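Colleague: The structure's right below; bear with me while I get my questions together.
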Amino acid sequence: MAKKKALVTGILGQDGAYLTKLLVERGYEVYGAARRSASWNSWRLRDVDVERHVKFEYFDLLEYENMRRLIDRLRPDEVYNLAAQSFVGSSFEQPLYTADADAMGVLRLLEVCRGVDKAIRFYQASSSEMYGGVSPVALNETTPFHPRSPYAVAKAFGHHATVNYRESYGMHACAGILFNHESPLRGREFVTRKITATLAEMKAGAPTTLRLGNLDAKRDWGFAGDYVEAIHMMVCAETADDYVIATGQTRSVREFVLAAAAALGFELDWSGSGVDEKARDRRTGKVLVEISPEFFRPAEVHTLLGDSSKARRELGWSPKVDFDGLVTMMARADYDRVKAGQQLM
Ligand code: NDP
Ligand code: GDP
């Protein structure tokens, strides 16, 4: 039997690496859609040892004709749209680009799939940021969106476009509303990896300080390796639908710092409040963590907590890695890299 063909956009990102590993293990022919760059960076695919299995194709979410030619030539069975300007913080600085990539880029891809072959199964990487963190209860597929950043506004458009193409043209188009998911492959601009990478460097003696913004923001953090399983389940399901993927536990940035510090053998003494809050190393008195207002956002999403009972019930999905397991995995991976003399990416 011919291998199934999957086209993965954003393949050089965190989820691209874990999803590619899963697809290769399940016998897929994987095409990796990536932007041309003067400094090609495929370290995540190398980290999970799958780069050699990928057939790379140049692709940009902003370039319609290139996308159309690519999908017409490859005729993939499945398209996973993971590509995006994915950092909320940058979206306040680059709102127009973010909208072009994260909103219009989805519509371009949907339009191409509709034109080339409506039977192509389509996955859209929707985000819990669309909810805006204004509701104290666990969020599910019926909770209204209240986007609070240009990123979230654009993702909400991409989400609705995906639902609309499913309803209008009968396409197998599904959107996973994924809550924050992290791993040793997460970009360093995201708070979890920033914490584990910087603390690991400090543990190895680097003269640096971990400078953070809002320590009280809460997220429902899961492990990316678990979340790509859910993505594949959605695409393989008989009927396309939208699913919240989350652990059902929410923790603050402060709790993440404490857990990562403990995993690396630091004991923290906190003092001060607001922008003057600091955490010192109990043994040396050195300031390890301080607040820097440059990391505050114009509008903050204070709390995210997901209710993934629909995915658990209909797809049979559940997460395997819990909060403590995730933090320990990330802290140890970063410390091992530093000890091995690697520059942390
Ligand atoms: P990453 O930022 O790690 O990866 C995103 C990828 O998209 C990068 O490889 C990037 O390319 C690529 N990309 C960015 N802009 C373009 C463009 N214009 N054309 C083509 N490719 C582009 O994100 P994740 O892997 O963490 O997330 C995957 C998807 O899931 C994203 O859409 C994200 O918004 C969404 N999501 C993620 C969550 C999370 O917690 N991780 C939560 C909910 C949704 P390059 O390498 O060249 O920069
Ligand atoms: P997001 O949920 O997609 O925005 O993921 P991030 O990891 O970027 O941010 C998660 C939360 O951590 C947000 O509420 C941020 O305001 C908060 N945060 C606090 N300090 C920092 C920081 O230094 N960097 C980042 N990226 N976020 C921070």
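Colleague: Mean residue ellipticity at 222 nm from the helices of the chain, using -39,500 (n - 2.57) per DSSP H segment of n ≥ 4 over the full residue count, to the nearest 500 deg cm²/dmol? Present the calculation step by step, with values, prior to reporting the outcome.
Modeller: Details: 12 runs with 131 residues, N = 345.
Taking each H run of at least 4 residues, the total per residue is -11500 deg cm²/dmol.
Colleague: Hey, another quick one. Multiply the residue gap between HIS146 and THR284 by 0.36 nm, knock off their C-alpha separation, and tell me the result in nm, one decimal place. Don't skip to the answer; put the middle values down first.
Modeller: Working: separation 138, 0.36 × 138 = 49.68 nm, distance 4.47 nm.
Full extension of this stretch gives 45.2 nm more.
Colleague: Please work out the Cα convex hull volume for segment 235-301 and give it in Å³ per residue.
Modeller: Values: hull volume 10.5 nm³, N = 67.
Residue-normalised Cα hull volume stands at 156 Å³.
Colleague: Could you give the angle, 0 to 90 degrees to the nearest 10, between helix 253-263's Cα long axis and the longest principal axis of the Cα atoms of the chain?
Modeller: 70
Colleague: Roughly how many debye, to the nearest 20, is the charge dipole of segment 192-267 about its Cα centre, given +1 on each Lys and Arg Cβ, -1 on each Asp and Glu Cβ, and no other charges? Each step should come with its number before you reach the end.
Modeller: Values: 8 positive and 10 negative charges, 120 e Å.
Computed about the Cα centre, the dipole is about 580 debye.
Colleague: Taking segment 1-110, how much of its Cα-Cα pair set, in percent, is spaced more than 24 angstrom apart? Don't skip to the answer; put the middle values down first.
Modeller: Numbers: 1432 of 5995 pairs.
Cα-Cα pairs in segment 1-110 separated by more than 24 Å: 24 percent.
Colleague: Taking K and R as +1 and D and E as -1, what net charge do the other residues with C-beta under 15 Å from the C-beta of ASP269 add up to?
Modeller: +1
Colleague: My understanding is that a pair violates if its Cα-Cα distance is over 27 Å; which of LYS286/LYS320; LYS55/LYS194; LYS218/LYS310; LYS55/LYS310; LYS118/LYS320 do that in this structure? The partial results should precede the final answer.
Modeller: Working: LYS286/LYS320 36 Å; LYS55/LYS194 31 Å; LYS218/LYS310 23 Å; LYS55/LYS310 34 Å; LYS118/LYS320 34 Å.
Table pairs above 27 Å Cα-Cα are LYS286/LYS320; LYS55/LYS194; LYS55/LYS310; LYS118/LYS320.
Colleague: Grab every C-alpha pair in the chain, bin the distances at 20 angstrom width from 0 up to the longest one, and report whole percents.
Modeller: 30, 58, 11, 0
Colleague: Then there is this: For segment 44-107, compute Rg over Rh where Rg is the Cα radius of gyration and Rh is the Kirkwood radius from the inverse mean 1/r over Cα pairs. Provide the component values of the computation, followed by the final result.
Modeller: Numbers: Rg = 14.1 Å, Rh = 13.7 Å.
So for segment 44-107, dividing Rg by the Kirkwood Rh gives 1.03.
Colleague: On a full-extension model of 0.36 nm per residue, what is the gain between LYS55 and ALA206, subtracting their alpha-carbon distance, rounded to one decimal in nm? The partial results should precede the final answer.
Modeller: On the way: separation 151, 0.36 × 151 = 54.36 nm, distance 3.87 nm.
Value of the extension gain: 50.5 nm.
Colleague: Another question about this same structure. Scattering from the C-alpha atoms of segment 154-196 alone, worked out with Debye: what is log10 I(q)/I(0) at q = 0.15, 0.28, 0.34 1/Å?
Modeller: -0.55, -0.90, -1.10
Colleague: Still on this model: On a 0 to 90° scale, report how tilted helix 323-339 is relative to the longest principal axis of the chain, with both axes built from alpha carbons and the result rounded to the nearest 10.
Modeller: 80
None of the figures in this text is laboratory data; all of them are computed from the coordinates on show. Small disclaimer: the values here were computed from a predicted structure and weren't measured. Neighbour counts are summed over all protein chains in view; Cβ atoms, including those assigned to glycine, are modelled from backbone coordinates with ideal geometry.
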